[in-house]
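A quick write-up on the structure given underneath.
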Amino acid sequence: MTTQTVGIIGVGHLIRHMMPALVSAPADFLLSPRGEATAADLSHRFGLTVAGNNQEIVDTSPTVILAVRPYDALAVASGLNWRQGQTVLSLCAGIATADLAPAVSPASLVMAMPVVAAEFGESPTLLFPEDARCRALLETCGPVIAVADETDFTPSAAIACYYGWVQELINQMITWLIDRGVGEHIARPLVAQMTRAAATTIRERPDASVTELVAELATPRSFTLKGLDVLRAGHAFTPWHDAAAAVAPSNPEK
């Protein structure tokens, strides 16, 4: 595959965790000076070049990853001179195509939503629309899931927040075990791996609905069912829907 130059504007927390995976792509990366300490660290660790300014990145990179904070995205993008044939891969959560596309015109806009598990090749990254160059980059970070419609992308992107919520749920169960005398060296890997095991079963058994998979475990008089009954009686799952709705309100067009 031909090596391409990929510029990165906004070198912060997300890029710091994506870079260990991204460097395996056939690309030469050019980092923006924004996020100076992180850019210097990544440059040292991976032998990457730090540009003098953002316009230098735009001028030399056929593909540019835009990874600034969402509230800065429009101001940063609209202040640069983009060109025809260029691709801007936005990792800026919550910014609609209708708002960001004019700011990067005449370049083409692609949206993605990775998470920091990219560092370990485990980020399930949402992509809209499908784009071969962007897919090649993002697949170094984990499986890429492309959608054809932005009305699917927006609510699905909320699952990047769910990633953090699940980590807190894991933390709660680790703490529950530690409070009962179990060492953290046991509790942490046990709960983390059990969570991964549940997710793996759902991913690898598309022949069965998730409801059916749960029913296989929550049989009459089972401890699984006993616990689920407590959770359901306490309406434990309703707040999860509410949390998702808070970050991705329903689209009336769907």
Practice task
State which residue is nearest to the chain's Cα centre (by Cα) when the search covers only segment 121-135 and only residues that are part of a strand (DSSP E or B) and not aromatic (Phe, Trp, Tyr).
Solution key: THR125
Handout entry: Selection count, segment 119-162, where residues are among the basic types (Lys, Arg) and at positive phi
Key = 0
Practice task
Check whether at least one residue in segment 121-129 is in contact with a His (Cβ under 8 Å, 6 or more places away or on another chain), within 20 Å of HIS17 (Cβ to Cβ) and crowded, with 22+ Cβ neighbours inside 10 Å, and report yes or no.
Solution key: no
Practice task
Would you please list the contacts, defined by Cβ atoms under 6 Å and residues six or more apart or on different chains, that run from a residue in segment 142-160 that is at pLDDT below 90 to a residue that is outside any loop (DSSP other than H, G, I, E, B) and among the small types (Gly, Ala, Ser)?
Solution key: ALA158/ALA244
Practice task
Taking LEU138 as meeting all but one of (1) assigned by TED's automatic domain parsing to the domain that holds LEU89; (2) at pLDDT 95 or above; (3) over 14 Å from the mean Cα position of the chain (by Cα), write down the number of the exception.
Solution key: (3)
Practice task
Select, from ASP229, ASP207, ASP149, the only residue that is surrounded by fewer than 13 Cβ atoms within 10 Å (Cβ to Cβ) and assigned by TED's automatic domain parsing to the domain that holds SER123.
Solution key: ASP149
Handout entry: Of residues in segment 2-19 being in contact with a strand residue (DSSP E or B) (Cβ under 7 Å, 6 or more places away or on another chain) and not polar (S, T, N, Q), the one nearest to GLU36 (Cα to Cα)
Key = VAL11
Handout entry: From the options ILE174, ILE186, ILE202, ILE170, residue that is under 27 Å from MET111 (Cα atoms) and of a type in the set (Val, Ile, Thr)
Key = ILE202
Problem - Within segment 13-44, tally of residues that are under 23 Å from the mean Cα position of the chain (by Cα), over 23 Å from GLY79 (Cβ atoms) and of a type outside the set (Gly, Ala, Ser) - result: 11
Handout entry: Scan of segment 202-254 for residues that are at pLDDT 95 or above, closer than 19 Å to CYS161 by Cα and outside any helix (DSSP H, G or I), ordered by number
Key = ALA236, PHE237
Fill in the blank from the handout: Given (1) under 29 Å from ALA245 (Cβ atoms); (2) in contact with a strand residue (DSSP E or B) (Cβ under 7 Å, 6 or more places away or on another chain), THR200 misses just (2)
Practice task
Go over the candidates GLY94, GLY47, GLY7, GLY85 one by one and state the one that is on the phi > 0 side of the Ramachandran plot and touching a residue at least 24 places away in the same chain (Cβ under 8 Å).
Solution key: GLY94
Problem - Lone qualifier among THR49, THR38 - being touching a Gly at 6+ places or on another chain (Cβ under 9 Å), closer than 17 Å to ARG16 by Cβ and assigned by TED's automatic domain parsing to the domain that holds MET19 - result: THR38
Exercise for the section: Kindly establish whether ILE178 is within 17 Å of GLU122 (Cβ to Cβ) and among the hydrophobic types (A, V, I, L, M, F, W, C). Expected result: no
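The values are calculated or read from the model by the stated rules, or taken from the named source; none is laboratory data. Remember, it's a predicted structure, so these values are computed and weren't measured experimentally. All Cβ positions, even for glycine, are placed from backbone atoms using ideal geometry, and neighbour counts span all protein chains on display.
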